[in-house]
Amino acid sequence: MVMNAIKDFLKWIGLKERLHSQNHIPPLFKENEVWWCYIGENIGIETNGKGEQFTRPILVLKKYDRYSFLGLPLTTKQKKGSWYVGIHFKDTTQNVVLVQGRVFDYRRLKEKLGELSDADVQAVRKAYASLHCGLL
């Protein structure tokens with residue numbers, strides 16, 4: 001098991017190096033869009049990417065500039081609790097993992113999947129503010 005984790009981590013390092021060295025025009029991305037994102041092989045309870053390219057759907061919650069954004073990972077696993085909020089996206093019930101949000105560089109964006117409905121956006125923003133800011 002440890003050897004598999006090391007192999008995955010080494011594969012991720014190679015891909016991350018290629019992503020880091022890319023110098024291209026940032027894609028046009030907006031808040032409330034969902035993108036496949038290279039998030040990598042992480043540590044402990046941090047959400048990992050899946051497959052050979054270590055990708056996962058990410059919600060662009062806040063765009064800071066053309067290069068960076070606050071992203072929240074999505075999962076199809078049904079989760080309960082204040083760390084998650086259920087949404088309906090692409091004919092599937094998914095959960096936004098509120099506690100795993102972080103800032104991403106545009107080079108991690110792979111492919112746009114779509115945009116959340118206004119109702120789901122409001123639910124995510126309300127739950128995020130409640131969890132992280134003790135608001136509402």
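The loop-placed chymotrypsin sites (Phe, Trp or Tyr not before Pro) in segment 47-121, going by DSSP, that have at most 15 neighbouring Cβ atoms within 10 Å of their Cβ come out as Y64, Y67, W83. Please say if segment 59-136 is rounded, prolate or oblate, where rounded means a/c under 1.5 for a ≥ b ≥ c the square roots of the C-alpha gyration tensor eigenvalues, and otherwise the choice is prolate for a/b larger than b/c and oblate otherwise? Note, shape of segment 59-136 comes out oblate. Peptide packing: for 56-63, 72-79, the average count of neighbouring Cβ atoms within 10 Å per residue gives the ranking 56-63, 72-79, highest mean first.
Read-outs: derived from the displayed coordinates by stated rules, not from any lab. None of these values were measured; they are calculated from a predicted model. A quick note on method: Cβ atoms are made from the backbone with ideal geometry, for glycine too, and the neighbour counts reach across all protein chains shown.
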